[in-house]
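Engineer: Have a look at the structure that comes next, please.
Just so you know, all these numbers are worked out from the coordinates, no wet-lab data involved. What you see is a predicted model; the values in this text were computed from it and never measured. Please note: Cβ atoms are built from the backbone with ideal geometry, for glycine as well, and neighbour counts cover all protein chains shown.
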Amino acid sequence: MPQDISLPTTTLNDDIDQGEPQRLAAIDLGSNSFHLLVANYQNERLQVVARMGEKVQLAAGLHEQGTLNEAAMQRALDCLGRFAPFLKDIEAANLRVVGTNALRDADNSQTFIERAEAQLGYPIEIIAGREEARLIYLGAAHALAENGRRLIVDIGGGSTEFIIGEAFEPKALESLRMGCVTFSGRFFPDGELSEKRMRRAELAALSELANIQRPYQRLGWDDPVGSSGTIKAAASVLYAYGDAPQEGVITRSGLKKLRERLLKCKQLDKVELDGLKPDRAKVFPAGIAILCAVFEAFNLTQIRFADGALREGVLYDMAGRNSAEDTRSKTLEMLKRVYDVDTRQAENVADTAARLFAKVKQPWGLTKQQGHYLKWASHVHEIGLAISHSQFHRHGAYLLEHSDLAGFSRPEQRLLAFLVRAHRRKFPLKEWQALPAAQQASSAKLARLLRLAVLINHSRPESAPPLPDISIDGAALTITLPASDEPTLLSTDIEQEQAYMAAAGFTLTVLE
């Protein structure tokens with residue numbers, strides 16, 4: 001039966017007719033499992049129509065040097081092939097495919113992504129650890145009816161996320177490099193299961209936790225909650241053996257009994273417990289070692305399972321995109337405050353860029369979503385000034401690419417960083433060519449529009465000035481400037497811009 005899940009009051013985007021259901025989908029490319037969630041969105045609710053999950057163990061295919069092997073990539077591609085039939089007729093704007101720790105770590109992840117995108121026909125985003133944590137919290141928080149401050153723990157295949165939050169707002173986000181697949185290969189490589197190896201895994205997890213233990217305890221929480229496979233499996237096993245006060249609850253004493261049962265198995269391939277699915281058995285002890293360390297570090301007496309995690313969070317986040325609830329816009333507003341951006345100048349450049357975009361959108365084949373990136377880049381193009389006036393476009397690009405920006409995937413941050421890097425001086429051909437091939441043509445057009453918007457507002461006026469006459473012939477731009485007996489700041493700037501564009505292979509013609 002389809003399952004109804006409540007949503008906050010938001011709109012999916014400006015173009016949606018709320019009378020018609022919208023088909024949304026999320027694919028979570030986890031380090032242990034891949035998950036597909038498809039739902040209809042209507043009247044502020046999600047009706048889940050399809051769920052699929054498969055143990056792919058992508059992280060197990062990572063060599064020590066950080067390369068994802070062919071066998072792991074093929075397992076992943078085979079799984080995506082089975083997901084593909086559920087994605088028919090879903091618009092690209094209504095689907096997100098997100099990769100997590102294993103794809104963050106693999107130095108050849110782009111090779112896999114290109115193959116997977118060719119098979120699915122949709123783009124794949126690798127998300128940063130803290131962005132993964134934010135989305136997990138969003139999914140878990142919507143699955144919980146109670147209010148109060150929560151600690152959310154999500155033990156994955158390659159990383160474990162820790163979030164403290166209230167209602168739907170996270171207060172602290174962290175992603176630590178420990179997971180049931182990676183710890184299984186690290187501490188139980190030959191399959192032997194012993195007290196010594198179990199304790200070594202727990203101590204390694206405690207070492208990772210040491211950096212967040214005190215700040216998290218200072219923040220405090222009322223309700224510790226766990227999400228995803230390891231904690232769900234642990235709760236299921238404890239309930240099956242009668243070691244839980246109620247279904248979905250893990251106590252300290254119950255966890256101790258579970259640990260003892262695992263050690264009696266002596267080998268990973270002999271782990272068989274009531275309530276435990278066979279496909280999780282070999283990585284389950286490593287997950288329990290991490291969970292034991294979490295109980296020890298945070299002095300927990302119990303934790304309960306919440307049926308909501310990354311894929312649910314992705315859908316909730318999608319429902320708020322391109323609206324007043326878009327986390328990305330909120331993130332950039334925060335960034336502007338942190339780096340003391342000149343708000344008036346940012347708004348003037350954004351206004352000019354929007355008018356330029358409206359002129360060229362149709363002939364240049366640009367999309368509304370691409371217009372959002374132009375707007376965002378306009379608002380933060382000067383954040384690098386907080387570091388230095390010299391080469392501030394480079395500083396700004398570095399901050400945007402390497403900061404943890406809530407709501408943005410890594411490819412989105414890379415595009416935003418490129419636009420800021422390209423907004424002045426020589427056009428950065430090397431950085432442009434490093435973008436995905438399918439993105440290069442549109443990103444160059446957006447960068448050219450941003451450059452013009454900045455030049456038109458170079459004198460830092462009180463309000464955005466009128467646009468000069470602009471015409472388009474293919475990819476070429478022609479600007480007609482007002483006649484003047486003396487050179488003006490704009491005419492001088494545009495003359496230099498002609499040279500920059502010619503050097504990069506673009507055509508900019510100036511008429512008077």
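Engineer: From the Cα gyration tensor of segment 13-172, with a ≥ b ≥ c the square roots of its eigenvalues, which class applies: rounded if a/c is under 1.5, or else prolate if a/b is larger than b/c, or else oblate?
Structural biologist: Oblate is the answer for segment 13-172, as a/c is 1.5 or above yet b/c matches or exceeds a/b.
Engineer: What value, in deg cm²/dmol to 500, does the helix sum -39500 (n - 2.57) over DSSP H runs of n ≥ 4 give at 222 nm once divided by the residues of the chain?
Structural biologist: Dividing the helical sum by the residues of the chain leaves -15000 deg cm²/dmol.
Engineer: What does the net charge come to around ALA464 if you take all other residues with beta carbon closer than 14 Å to its beta carbon, with K and R at +1 and D and E at -1?
Structural biologist: 0
Engineer: What number, in percent, do you get for the relative contact order of the chain if the mean sequence gap of Cα pairs under 8 Å and at least 6 apart is divided by its residue count?
Structural biologist: Relative CO of the chain lands at 13 percent.
Engineer: Under the classification rounded if a/c is under 1.5, otherwise prolate if a/b is larger than b/c and oblate if not, where does segment 329-377 fall, given a ≥ b ≥ c as square roots of the Cα gyration tensor eigenvalues?
Structural biologist: Oblate, because a/c is 1.5 or more while a/b does not exceed b/c.
Engineer: Something else: Order by neighbour count: GLU401, GLU347, fewest other Cβ atoms within 10 Å first, most last.
Structural biologist: Sorted ascending by nearby Cβ count, the order is GLU347, GLU401.
Engineer: For a footprinting-style exposure proxy, rank LYS426, LYS368, LYS88 by other Cβ within 10 Å, fewest first.
Structural biologist: LYS88, LYS426, LYS368
Engineer: Return a whole-number percent for the relative contact order of segment 145-305, with Cα pairs under 8 Å and 6 or more residues apart as the contact set.
Structural biologist: For segment 145-305, the relative contact order is 29 percent.
Engineer: Can you quote the Å³ per residue value for the convex hull of the Cα atoms in segment 145-305, rounded to an integer?
Structural biologist: It comes to 100 Å³ per residue, whole-number rounded.
Engineer: Let's test the formula: R0 of 41 Å, r as the Cβ-Cβ distance of PHE168 and GLN65. What FRET efficiency results, to the nearest 0.05?
Structural biologist: Taking R0 as 41 Å, the efficiency between PHE168 and GLN65 is 0.50.
Engineer: How tilted is helix 368-380 with respect to the longest principal axis of the chain? Cα atoms for both, answer in degrees (0 to 90, nearest 10).
Structural biologist: That helix lies at roughly 80 degrees to the long axis.
Engineer: Which order do the peptides 241-251, 281-291, 459-469 take when ranked by the mean count of other beta-carbon atoms within 10 Å per residue, highest first?
Structural biologist: Averaged packing, sorted descending, gives the order 281-291, 241-251, 459-469.
Engineer: Oh, and also: Would any residue of segment 178-200 have its amide N under 17 Å from a label point 7 Å out along Cα→Cβ of GLN267? List them or say none.
Structural biologist: 188-195
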